[in-house]
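Working notes for the structure below.
Each reported figure results from applying straightforward, stated rules to the coordinates on display, with no laboratory input. Model, not experiment: these values are computed from the prediction. Using ideal geometry, Cβ is built from the backbone for each residue, glycine included, and neighbour counts are taken over all protein chains shown.
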Amino acid sequence: MSAFNQNRSRIVQLIFIGAFVLITLQLINLQVFSTKYKMAADNNAFYRKVIYPDRGIIFDRKKRAILENTISYDLVVIPAESKGTDTLALCALLNIDTATYKKRMRDLIFKNGAVKPSVFEPLLTTENFARLNENMYRFPGFTLSERSVRSYPYDCGAAVLGYTAEVDTGFLRRHKDEGYEMGDYFGTTGLENSYEKILMGQRGIKRFIRDNKGRIQGPWEKGEFDTAAIAGKNLYSSIDVELQKLGEKLMENKVGSIVAIDPKTGGILCMVSAPTYNPNYLTGNQRKKHLVDMMYFDPRKPLLNRTVSTTYSPGSTFKTLVGIIGMAEGVIDDQMTVTCGGSYLGCGRRMGCHAAGTFTLKPAISKSCNSYFAVAFRRILDNVKVNNRDITLGLFNEYAYSFGLGKKLGVDLPSERMGNIPTSKYYQKIFGKNWQACNIISNSIGQGEITTTLTQLANVMAIIANKGWYYLPHLIDSVEGGDDYEMLARFKVKQRTKNIAESIFEEVHEGMQGTMEFGTGAYAKVPGINVCGKTGTVENAYRGESLKDHAFFGAFAPRENPRIAIAVMCENAGYGATSAAPIASLLIEKYLRDSIAGPERKAKIEQLSNMNLIPPQMKRLMKPEPNTIKKENIKKAIAKN
Amino acid sequence: MNRRNNNLAAEGIDYTVIWLYGILVSIGVLCIFMVEYKAGSNWLSTFLGGKTNYSKQLIFGGVCALVATFILLTDSKIFTAFANLSYLLGILLMLATFVLGKNINGSKSWIPLVGGFNLQPAELCKIFTSLAIAKFISRQEVDFSNLKSQLIAGVIALTPAALSILQHELGLALVYLSLLIAMFREGLPAQFLIIGSCFGILALATLIVERDALTITLTILAGLIIFLAYRQVRKKQRLITITAILSIWILCVGVQRYVVPYIFNNVLECYQSTRIYSMVGKDYDCSLNQKSNEKVTGKAARKPDDYNVRQSKIAIGSGGFFGRGFLKGTQTRGKYVPEQDTDFIFTSLGEAFGFVGCAVFLGLYLYFLFRIVRIAERQRSAFSRVYAYCVASILFFHIAVNVSMTIGLFPIVGITLPLISYGGSSLLTFTVLIFIMLRLDADRQMVLR
């Protein structure tokens, strides 16, 4: 019988072989031809921990840190291990109720799972940290983990320095290949944003092995493939932090801005946008609240950088430029006189004036005579040699462009506006082909369609001081360890205006100095220093309602060897000479002499600082401060009695 | 006298099998070590400490060596003598589990012993059943070519299988089916296997193909065969042929439309149906399952999860051609594969040593099986031969099903990888199974039994 079935032994063996071949084929499929399993295994097992580098520090011109890092602590919890925590005590310490505790815990478990650490309370205050640190033994599963946070030791320069924020999905989509990940911080505004690439540094990555529940088992291959975090590079700015602080103090209770430039280098010495805020407000755990408050509930818009992101008509400060262009084109000379009876009537429409008399260029600048510059502007446009206003306006604009107007200057700050130098095309649309110089006569005194940012205006002052050349205004002078991204190269290129004789600038200097000596800027005199300045008072309206004039003042000093060019503007402050000019004079003195001399001048700081020039339309919208309400109530109560 | 006996005992023993056995058990301990190893622990002390599974497996190995030696020293006659008695004992033990049983991993098939050890009678019963079948077929008066004796053999094999099913041990129950291979060698008509596999293919087709589409396909197929056969067959036989084809068609459609869904919904547990469906990449709707509905009334049916197979395939697949290296498998170190030291032990091997390691390992096993078949064929006694075939069949079934389920070729049933998987019961069973065969083989020169 066994012999009869002998061949079946072969069949049995064939069955064995068949099964093993099938298995082998599937193994080849899985192990040799599929790559997805390897990836799936890596996804399972590797936990990449990002080691955050410290962001770079920003120093001022005297190597004082104005933006640096401090350690802050997050309260971190592993929900699965938090059983036995004294919930009541913890809630009392954090000042939350148990319902909030439970809700947060639920959310964390939902988002991140129960066995992985999640941030329970970010950015603890020092007080909370101290209290928690003593009591940590009562809260198993909770730990304090440190993290680096930005800090502003001088509490100033908010608009310039900017702040950081956590990346959102939109940002990640836009910056796909730059190595950002959810949870990273990036510079949103100011220098933090412009120099993000340099400041962010390079993150380190540690690879850990993770088990099936997401718990860390230890480093992968003993950390052989880990990379270390490289701290962001430090930046040296041209800002003088003392000047900046003084500027911010002087601009208290006002809306406006200050830009001071070192004309020799183009480095910005101070850049104040008022109202400002303490930049440290936007680092702690109350960040969101403060941000929302300022963004939506303050009509003065403190987050707006008024030095580069708003444009204004430059007003009379623009007259200097009109004079220079007229002289350079040879349509006026230093002998030309204009007699003004208190208003310019040449265009049929009355254009008011502050001063009456007969003027040449110099006193015209000093006294800010509207008629003189209206005549000069008309002569430029109606130049007989050219006899075509489209061309003459184009020529005029070319001069303006070469002074850095009508285009983005390229300051190293985000969201810079370009201002407006209107072209003939624009006027052809409005006034038709045969538009007249009289149509746009307002431009001659810096009103009308001409708009500039305050930084552009400060830059114009620097150009006049330098007699025809400038460096692009900038905040950062150098990068520690070299400018790898070539971000500063453009600030080292000397820019020149259209060819203008030095004597013309001399004339203008003379006129501007006159402003301070006997003209409109007499308030801004700095004892012992030859300051050249020009006031500006700009008419403006808001939603059809005519408002108080904007006050402008542009200046540079000392005349012989200009070291500071400055532009100050106060929104709706009225006549330029009473607010903007004295602010500029104090800043010039502070910068050139390092301190304010004499009790009289010092008292002026307080006086200017307390001067409340907040535009009435904003004042109306502002929330009354709680204690003023109380005071009013008390007053009412007293009145009743 | 004593010495002569010893010589007799050592004589004729197939050392190749012992070597293979030793190598495989060592690989098993190594695999368990890979699964359980934690970086930084002192492997020597944990090996000797007896706390870890690999250390325990080492102890089991020692016990098994003792048992093996003991078996080799016995007289092979006692196996024939006690074959039926042991079978009876095995069945009794299995019945006893229903009373004394302890619930481990959802199957109530373990009897607690002293010292925290547990005994799984269904596991041991493999030996007894093999012996009983060998005994039955080798009897002089049994002619295995007649249906009656085939049915009796079938009952012997399927009784413990049925009991296993009652204990929720589907895997072990299936093992008893593998004895059909041994019976096939002894003259079981091939039709059984062919019809069996046809049913298997039909069941698989039911899973993959849409129900109505399959019915239509079967109908067209039947019509085609009738059309072709009509001319070929003589007139007289036409009616019979057509009736036969039609009845086969009715059977197939009945199986496909009613029997298979009935088995999935009423016989199998929800999780078993889910596993089988997930193997072909489909979701099984547990709300159809009668058993699960009885148990979890009002509770929404859980979404089926093929986590085990997925992680197991990832582990093996990530090994690649050469493997990730000893103790470097991330799936193993992270404990991603559940039950990795028992049913899924193959994954640790596949991950660490890759395709090359797997191929070598499978080659070793195939060699082992062929060796046993060779041993079987050289027996003079029918008892020894049938028994050896039973051993080969059981081993083959275990290996094929275990490895197939880890690589997603077979639904997950609780079947261990012989000699490799962690567990004393399993190791002891296979040791006894193999060494009884070796003892019988050593005595192959003796008289016919």
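Per-residue extension of 0.36 nm, minus the Cα-Cα distance of A:MET136 and A:ASN434, leaves a gain of 99.1 nm for this segment.
With contacts taken as Cα pairs under 8 Å at a separation of at least 6 residues, chain B carries a relative contact order of 24 percent. Partner aspartates and glutamates whose Cα lies under 20 Å from the Cα of B:LYS313, excluding those fewer than 8 positions away in the same chain, are identified as A:ASP42, A:ASP211, B:GLU36, B:ASP283, B:ASP305, B:GLU339, B:ASP341, B:ASP343, B:GLU351.
Neighbour counts of other C-beta atoms within 10 Å: give me B:LEU92, B:LEU174, B:LEU327, B:LEU438 arranged from fewest to most.
Neighbour counts put them in this order, fewest first: B:LEU92, B:LEU327, B:LEU174, B:LEU438.
Relative to the present Cα-Cα distance, how much length would full extension add between B:ALA244 and B:PHE98 at 0.36 nm per residue of separation?
48.1 nm
Annotation: lysines with alpha-carbon distance below 24 angstrom to B:LYS126 (same-chain offsets under eight excluded): B:LYS56, B:LYS77, B:LYS102, B:LYS108, B:LYS135, B:LYS148.
Note on A:GLU517 and A:ASN212: their simple-model spin labels are 9.3 nm apart, each label 7 Å out from Cα toward Cβ.
Near A:ASN69: Cβ cut-off under 9 Å, other residues only, Lys/Arg at +1 and Asp/Glu at -1. The net charge is 0.
Three principal axis extents describe the C-alpha atoms of chain A; from largest down they are 140, 78, 45 Å. Placing +1 on the Cβ of every Lys and Arg and -1 on the Cβ of every Asp and Glu, with no other charges, gives the protein assembly as shown a dipole of roughly 2360 debye about its Cα centre. Test of understanding: in a Gaussian network model of chain B with alpha carbons linked when under 10 Å, which of B:GLN237, B:GLN150, B:GLN57 would top the mean-square fluctuation ranking? Ranking B:GLN237, B:GLN150, B:GLN57 by mean-square fluctuation puts B:GLN237 first.
Each of A:TRP435, B:TRP110 was scored by other Cβ atoms within 10 Å of its Cβ. Arranged with the fewest first, they read A:TRP435, B:TRP110. Please say if the stretch A:49-96 is rounded, prolate or oblate, where rounded means a/c under 1.5 for a ≥ b ≥ c the square roots of the C-alpha gyration tensor eigenvalues, and otherwise the choice is prolate for a/b larger than b/c and oblate otherwise? Cα axes put the stretch A:49-96 in the oblate bin.
Relative to the longest principal axis of chain A, what angle (0 to 90°, nearest 10) does the C-alpha long axis of helix A:454-466 take? Relative to chain A, helix A:454-466 is tipped by roughly 60 degrees. 3J(HN,Hα) along the stretch B:430-436, derived from phi through the Karplus expression 6.51 cos²θ - 1.76 cosθ + 1.60 where θ = phi - 60°, amounts to 5, 4, 4, 3, 6, 6, 4 Hz, with x in place of Gly and Pro. Gain on full extension, evaluated as 0.36 nm per residue between A:CYS91 and A:ASN610 minus their Cα-Cα distance, stands at 182.5 nm. Computed from label points 7 Å out along Cα-Cβ, the spacing between A:ASN530 and B:LYS236 is 14.2 nm. Return, in residue-number order, each cysteine of chain A whose C-beta is not under 4.7 Å from any other cysteine's C-beta. A:CYS91, A:CYS156, A:CYS270, A:CYS340, A:CYS353, A:CYS369, A:CYS532, A:CYS570, each lacking another Cys Cβ under 4.7 Å. In a DSSP loop and with at most 14 other Cβ atoms within 10 Å, the chymotrypsin sites (Phe, Trp or Tyr not before Pro) in the stretch A:446-507 are A:TYR485.
Label-to-label distance, A:GLN335 versus B:ARG374, with points set 7 angstrom from Cα along the beta-carbon direction: 12.8 nm. The calculated FRET efficiency for the pair B:PHE199 and B:ASN146, based on their C-beta separation and a Förster distance of 25 Å, comes to about 0.55. Enumerate the aspartates and glutamates that A:LYS425 could reach by cross-link, defined here as Cα to Cα under 19 Å, with residues fewer than 8 away along the same chain left out. Of all the aspartates and glutamates, those that pass the test against A:LYS425 - Cα under 19 Å, at least 8 places apart if same chain - are A:ASP382, A:ASP390, A:GLU398, A:GLU449.
Between amide H atoms placed 1.01 Å from N, distances below 5 Å from A:PHE120 occur with A:LEU75, A:VAL76, A:VAL77, all of them 5 or more places distant or on a separate chain. Between B:LEU428, B:LEU66, B:LEU349, the Gaussian network model of chain B with springs among Cα atoms under 10 angstrom shows the greatest mean-square fluctuation at B:LEU66. Comparing B:TYR387, B:TYR367, B:TYR284 in a Gaussian network model of chain B where C-alpha atoms under 10 Å apart are linked, the largest mean-square fluctuation is found at B:TYR367.
Here the calculated FRET efficiency for B:ALA229 and A:ILE28, from their Cβ-Cβ distance with R0 = 41 Å, stands at 0.50, rounded to the nearest 0.05. Please check which bits of the stretch A:6-32 a label hung off B:PHE321 would reach, taking the label as a point 7 Å along Cα-to-C-beta and the cut-off as backbone N under 11 Å. Residues A:32 qualify, since their backbone N sits under 11 Å from the label point. What FRET efficiency, computed as 1/(1 + (r/R0)^6) with R0 = 41 Å and r the Cβ-Cβ distance, is obtained for B:ASN84 and B:TRP43, rounded to the nearest 0.05? With R0 = 41 Å, the Cβ-Cβ based efficiency is 0.30. Estimated purely from DSSP H runs of n ≥ 4, each contributing -39500 (n - 2.57), the mean residue ellipticity at 222 nm for the protein assembly as shown is -15500 deg cm²/dmol once divided by its residues. Checked against a 19 Å cut-off, the cross-linked pairs A:LYS492/A:LYS534; A:LYS176/A:LYS206; A:LYS197/A:LYS407; A:LYS467/A:LYS534; A:LYS249/A:LYS548; A:LYS62/A:LYS245 give Cα-Cα distances beyond that limit for A:LYS492/A:LYS534; A:LYS176/A:LYS206; A:LYS197/A:LYS407; A:LYS249/A:LYS548. As an equivalent ellipsoid, the stretch B:196-295 spans semi-axes of 35, 13, 10 angstrom, where each value is the square root of five times an eigenvalue of the C-alpha gyration tensor, largest first.
Largest first and in whole Å, the equivalent-ellipsoid semi-axes of chain B read 38, 32, 21, each the square root of five times a Cα gyration tensor eigenvalue. Residues B:SER426, B:SER404, B:SER318, B:SER45, arranged from fewest to most other Cβ atoms within 10 angstrom of their Cβ, appear as B:SER45, B:SER404, B:SER426, B:SER318.
Averaging 1/r over every pair of different alpha carbons in the protein assembly as shown and inverting the result gives a Kirkwood radius of 38.2 Å. Put +1 on the Cβ of every Lys and Arg and -1 on every Asp and Glu Cβ in the stretch A:24-84; which of A:GLN26, A:GLY84, A:THR70 then has its Cα farthest towards the positive end of the dipole? Selected residue: A:THR70.
Shielding by partners for peptide B:348-358, expressed as the average number of C-beta atoms from other protein chains within 10 Å of each residue's C-beta, is 2.
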